[in-house]
Every structure is written in structure tokens, then in C-alpha cells.
């Protein structure tokens, strides 16, 4: 089953980080948040990815092309340019990197991925949000109802600490808890190929006509999830995720660390807790 990841937006609310790279390449713990998302899917058995590129897509291409080299011990012959890796890359991923246009909207990007989905059920998420969601449970729910689309809905974290008051006394205080009321789109979808018929073209916003049409036709189901979920829209969000990672308390880290040393990408991460559309294809 393919996993489609939208990674082409401008990331304007993270301008300090995204001037030279797309938002999915903003690092948490020394690795792009895109890597964290893909590791989570891989933990649940998903290894085929189609990434919709746009803004600075070449940065993601280069990262994928260089990943194995940067995470292996190498012997390089300067005489003839031959490179020998001393171990296989530990991630058995097949990654399709699809240029979906600089200004294409979210629905348009999804539609441009249609030729790569194999006319089968597929997963979809954004390249800027992490969760400890059990993806096999999500898939089982989707298969149980027989509709075209399943959308994970979550309760977002509060931006500020939440005091519980009795008269003028604070009897309980939670620092940035999950909001107890209201649900929002958490962007972990399971979809059938029929959803492409709801997308008109490049200017279509997925969250408008397609989802509204699916809901109107009774083809959109909600998977309610009350566990950890966090998007990375702002520097405040990035700092929160980095703080959880540095403290060894990153709930979205559902995979086990490799036993061998890893060179990594950028600053080494601290993996301490247990919990027109050309395609470039590479296996990691």
C-alpha cells in the first residue's frame, strides 16, 4: 500500500526555517520531520512512499539520494570516483519523488499523485505533523465501513496552559494539554481511488470541495483519536517537538533505534526514548 505525503507548501509561518528548505525538511532531533513521519509509517509496515514536491523540492530529492551515503561508512576511490558502502541502508523504503508544481493547491497535488497510487487503497498525510496513532487500527477501521475516505480527527493541543478554577482558586493546571472539546482534521487519511473524482484540478483545495463533497455523499468517515498529535505550523510548535525529543519523551517515536551507530543528517539526533510530473525513484 502506498503512502502519499504532501510536501510542497511554502511554510510561510516558519519563514525563519523555510527560507532555504521546505517545511518537511525542518529538523527535529537532527532529522527532518519528514523522516519522523516516514519512520512512523514504516513501524507499522508501510514502506512505499509517494512524496508530492513543490517549494524547494530539490532539497528533498537530494536528501533521499544522499541518505544511504550519509548513514554508512564509505570507501571512496578518488582515482575513479567509485564508492563502496560497508553496510546496506537499514531502511527498506521505496520513495517516489513527484514534482507537483510550485503553486499547486493541496487537492491538485493529491490528484497529480493518482498515476502512482496503483488504483488501490492508499494512505495520505501532510509532511508537517506527527502522532503516535496506530496506523493498522486506522486501516482496519477504514476497511470496516466500506466508504471512500477515512479522516483521522483529533483534539488539538492548547496554545497556552489551562487552569481549572473554583471561584478564584486554581485547583488544577495543565501545561498545553489536549483540548477536551471539539475535533479537527488530523490529516492521517485512508482513501480509495474514487476520491480523485472529487478533485477538479490544480487549484482545488482538498479541505474544501473534495472533503465537502465526500461528506455530502456520505463517503467520509471520521476516526476519532485522542492520543498524541502535533502539527508543526510555527516556531512555537517546532520548539515544543524539539523539547519533547531532547527530553527523551517524544510520543511519536514508535520505532526502535538501530543497534549500529548512525551518522545521520545535520546535527546528530538524540534517540533516547522507547516509545508535468517526472518521478525520481530510489530505495533506501
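The values are calculated or read from the model by the stated rules, or taken from the named source; none is laboratory data. Quantities reported herein were computed from a predicted structural model and do not represent experimental measurements. Ideal geometry is used to build each Cβ from the backbone, glycine not excepted, and the neighbour counts take in all protein chains shown.
Key figures
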read-out: The one condition in (1) assigned to a loop (DSSP other than H, G, I, E, B); (2) under 18 Å from the mean Cα position of the chain (by Cα); (3) at pLDDT 95 or above that residue 124 fails to fulfil; value: (1)
read-out: Criterion: at pLDDT 95 or above, crowded, with 22+ Cβ neighbours inside 10 Å and under 26 Å from residue 137 (Cβ atoms) - qualifying residue of 98, 33, 60; value: 33
read-out: In the stretch 241-265, the residues that are modelled with pLDDT of 90 or more, more than 17 Å from the chain's Cα centre (by Cα) and buried (at least 16 other Cβ atoms within 10 Å of the Cβ); value: 244
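So that you can scan it fast, the table gives a plain yes or no per residue for (1) buried (at least 24 other Cβ atoms within 10 Å of the Cβ); (2) outside any loop (DSSP other than H, G, I, E, B); (3) in contact with a helix residue (DSSP H, G or I) (Cβ under 8 Å, 6 or more places away or on another chain); (4) at pLDDT 95 or above:
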residue: 107; (1), (2), (3), (4): yes, yes, yes, yes
residue: 110; (1), (2), (3), (4): yes, yes, yes, yes
residue: 115; (1), (2), (3), (4): no, yes, no, yes
residue: 118; (1), (2), (3), (4): no, no, no, no
residue: 140; (1), (2), (3), (4): no, yes, no, yes
